[in-house]
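All of the numbers you see were taken from the coordinates with simple rules; none came from a lab. Because the structure is predicted, anything quoted here is derived from the model rather than measured.
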Amino acid sequence: MALTTDKWNVNALAFDETGVIPVIAQDYESGEVLMLAYMNEEALKQTVETGYAHYYDKEKGVVDTYGASQGNTQQVKSAFVENGGKVLLIKVAQNGTANLDGTSFSCFKEQIKGDYKDIGGEMFGRLQRIVGEYKKNPEDGGYTSFLFARGVDRIGKKVGEEAVEFVIASKNPEKECVVAEAADLLYHVMVLLSARDVKLSEVCAELCKRNR
């Protein structure tokens, strides 16, 4: 059952015998799983009322706004409850890091199984975030920062060049060339979107509107 921040069906939730429910927080754009936390009824109430994630600290026995002391926030965009009502999934717009020591965007930072090929579509959201970080904090000698410094016209020209190279590669039998050129094209498209302050969620919304 899907829930939204303006109309929560709290009756669908089943708190455990200690009065809490586990909550999985996921970035609403990249799809990255950010953290596992807990809510009690008071934390849920404050989350619904403010639109920002509040969690119950089981060790301290208090309700806190997520990451308040570090200046981090998680604005709840949507929420889902699993069939038994025992687990809550919230999709959030995160400001700052999920790891409260400030070292990583997600608490789940060490991959112990799988490879890059197993990440899938989540990579687009991660790429958007990484490109956005270069836009905010230019890096001397960095290619992405170089593109932003040259502006939309230069980035657009690169998108055109990469599109042509992708089409040419698609006419050849080697799959690896198609993959490489597609990656180049998609990367430059992401930089151009960022230069125009367009989010992936906006593009996805347009695609959904066209394919209802």
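Results, tabulated for the structure shown:
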quantity	calculated
Per-residue [θ]222 nm for the chain (sum of -39500 (n - 2.57) over DSSP H runs n ≥ 4, rounded to 500)	-13000 deg cm²/dmol
Per residue, the convex hull volume that the Cα atoms of the range 2-95 enclose (Å³)	91 Å³
Answer label, with Kirkwood radius over Cα pairs in Å calculated from the coordinates and candidates (i) 18.2; (ii) 19.6; (iii) 17.4	(ii)
Long-range amide H partners of Y52 with built H, under 5 Å	V76
Debye intensity ratio I(q)/I(0), log10, the range 164-212, q values 0.15 Å⁻¹ (C-alpha model)	-0.55
Degrees between helix 122-136 axis and first principal axis of the chain (Cα, 0 to 90, nearest 10)	80 degrees
Pairs beyond 30 Å (Cα-Cα), from K135/K157; K86/K136; K58/K109; K91/K157; K77/K158	K86/K136; K91/K157; K77/K158
Rounded Å value of the spacing that divides the Cα centres of the range 155-178 and the range 25-51	41 Å
Antiparallel DSSP beta bridges within the chain, percent to nearest 5	80 percent
Cα gyration tensor, the range 114-199 - rounded (a/c under 1.5), prolate or oblate	oblate
